[in-house]
Amino acid sequence: MLELSSFRLQEAFDNYYRINEASDPEKYRAIVELNLNGMLSTLAGCAKDADMSQMDFSGPAQAYLREGGMTDAQIETLKSRL
């Protein structure tokens, strides 16, 4: 299972679902396993149960954004703001 180690990712996750690991660990883990892991495994092109803890998602994420119509300049601007 992917661990949410990035503070910004944890903060975004908490803002969207209105729960966090401390407030409701059971729901938090269920959401990670059902939603986030599936999304990230699709993005990385790996199995849902793969160990994604050491994966670099920057390449697949940029490819996804390009396929969605973003230019390299727009992607760089987005990265600088994250």
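Read the figures in this text as sums done on the coordinates, not as results from a lab. Keep in mind it's a predicted model, so treat the numbers as computed, not measured. Note that each Cβ is placed from the backbone with ideal geometry, even for glycine, and that neighbours are counted across all protein chains shown.
Maximal additional length on extending the Ala22-Ala61 stretch stands at 11.2 nm, based on 0.36 nm per residue less the C-alpha distance. Among the listed options [x] 1.19; [y] 1.24; [z] 2.19, the one matching Cα Rg over 2.2 N^0.38 Å as calculated from these coordinates is [x]. A cut-off under 14 angstrom between Cβ atoms defines the neighbours of Leu65, and their net charge, with Lys, Arg +1 and Asp, Glu -1, is 0.
Each label was represented as a point 7 Å from its Cα along the Cα-to-Cβ direction; for Arg29 and Ala73 these points are 4.8 nm apart.
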